[in-house]
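First comes the structure, then the notes that go with it.
The values are calculated or read from the model by the stated rules, or taken from the named source; none is laboratory data. As the structure is a prediction and not an experimental result, all values here were calculated from the model. Glycine gets a Cβ as well: all are built from the backbone with ideal geometry, and neighbour counts include every protein chain shown. SASA here: full protein model, heavy atoms, side chains in, ligands and nucleic acids out. Shrake-Rupley method; radii C 1.70, N 1.55, O 1.52, S 1.80 Å.
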Amino acid sequence: MAELSNQLMALTVLAYLAAMVCYAGEYAFGKRSHIGRAANRQLVGAGASVPDDVPVAGPEAGKGELVGRVAVVLNLIGLALHLATTATRGIAAERMPWGNMYEYILSATLVGAAVWTGVLLRKPAVRHLGLFVSLILVVLLGAAALVAYTPVGPLVPALNSYWFVFHVSTIIISSGIFLLGAVPAAMFLIKDGWDAGKRGFPYTLGRRVGDAGSLERLTFRLHAFAFPLFTFGALIAGPLWAEASWGRYWGWDPKEVWAFISWIVYAAYLHARATPSVKRTTATWIAIIGFVTMLMNLFGVNLFFEGLHSYA
């Protein structure tokens with residue numbers, strides 16, 4: 001069963017990679033992409049300038065739409081394979097598949113992919129974000145397989161507790177949603193810069209992105225949903241488990257410190273977002289910083305620091 005999980009993992013990455021390529025095709029040739037040559041000639045011939053974000057009219061738009069639909073199908077296939085990979089890993093280990101860094105990444109990205117699929121099916125207009133969501137999934141799953149892979153084994157004694165389910169599950173769910181929330185946050189900043197007249201990279205990516213306001217609202221909703229879960233997992237369930245296992249609620253372990261830093265940053269984002277005098281771009285930059293602290297906690301702390309959470 002463990003070998004089957006490894007094989008499904010490879011297929012999952014390939015499916016997300018294929019979806020990413022198709023999303024890229026729609027991104028390049030979809031409705032808000034290249035301007036039809038005939039329209040170009042008409043506008044230029046009339047002495048008018050051609051806006052960079054004029055929707056495509058013609059066969060290229062139709063091809064882009066078709067490729068986008070194929071991307072969604074491949075995305076769904078990848079999600080099914082991702083779920084099967086995680087489930088078979090848990091069956092092989094005879095426990096919840098959350099016992100080490102490899103399994104954590106596998107589960108957190110599964111949550112992110114599942115939430116993205118729900119958002120995509122509810123709001124097809126944000127399909128252009130699929131390119132960046134699938135890119136992050138491919139990178140993180142690839143890093144999990146190449147850097148963090150751990151053979152199937154039993155839980156370390158410190159994890160044998162009923163708190164394992166409460167603490168780790170809420171952290172995984174909130175982390176997966178924060179992961180997804182970073183995508184519209186980054187694209188909002190790019191689109192806002194493009195609308196403000198910035199034409200250097202990466203702002204050129206904003207030419208093919210939809211309404212900046214919709215991206216910002218999606219960013220807020222995802223973070224507002226994930227933050228209470230993260231608060232419970234990191235600052236309530238975690239300390240209670242620490243007291244039961246180690247005899248203290250808080251010990252400034254590197255993992256605890258960086259979880260607290262992430263909590264402070266995301267709290268600052270939500271506070272800034274709710275403050276009328278703070279610009280939406282400023283608040284969104286705080287959300288991006290929060291995602292960076294989560295990556296630091298996942299990779300930096302696990303790989304370069306030692307502490308009571310070193311089993312992660």
Here are some residues: 246, 252. Which one is surrounded by fewer than 15 Cβ atoms within 10 Å (Cβ to Cβ) and at positive phi? 252
Looking at 224, 244, 182, 272, which is the one that is among the aliphatic types (A, V, I, L, M) and modelled with pLDDT under 95? 244
Only residues that are without any contact (Cβ under 8 Å) to a residue 40 or more places away in the chain and under 19 Å from the mean Cα position of the chain (by Cα): list them for the range 270-289, please. 283, 286, 289
Residue 230 being open to solvent by less than 20 Å² (accessible area, probe 1.4 Å), at negative phi and aromatic (Phe, Trp, Tyr): yes
Exactly one condition in (1) open to solvent by 40 Å² or more (accessible area, probe 1.4 Å); (2) under 17 Å from residue 85 (Cβ atoms); (3) outside any helix (DSSP H, G or I) is not met by residue 114; state its number. (3)
Restricting the range 184-193 to residues that are open to solvent by 10 Å² or more (accessible area, probe 1.4 Å), in contact with a Phe, Trp or Tyr (Cβ under 8 Å, 6 or more places away or on another chain) and in contact (Cβ under 8 Å) with a residue 40 or more places away in the chain, the one nearest to residue 226 (Cα to Cα) turns out to be 186
For residues that are assigned to a helix (DSSP H, G or I) and buried (at least 16 other Cβ atoms within 10 Å of the Cβ), tally how many sit in the range 208-223. 10
Matching residues, the range 162-172, being surrounded by fewer than 22 Cβ atoms within 10 Å (Cβ to Cβ) and touching a residue at least 12 places away in the same chain (Cβ under 8 Å): 163, 164, 165, 166, 169, 170
Which one of these does residue 267 not meet: (1) under 19 Å from residue 232 (Cα atoms); (2) in contact (Cβ under 8 Å) with a residue 60 or more places away in the chain; (3) surrounded by fewer than 16 Cβ atoms within 10 Å (Cβ to Cβ)? (2)
Helices (runs of 4 or more DSSP H) wholly inside the range 1-98 that include at least 2 residues being modelled with pLDDT under 95 and closer than 25 Å to residue 132 by Cα: 2-29, 59-93
Residue tally, condition in a helix (DSSP H, G or I) and either among the aromatic types (Phe, Trp, Tyr) or surrounded by fewer than 20 Cβ atoms within 10 Å (Cβ to Cβ) (or both), over the range 149-161: 2
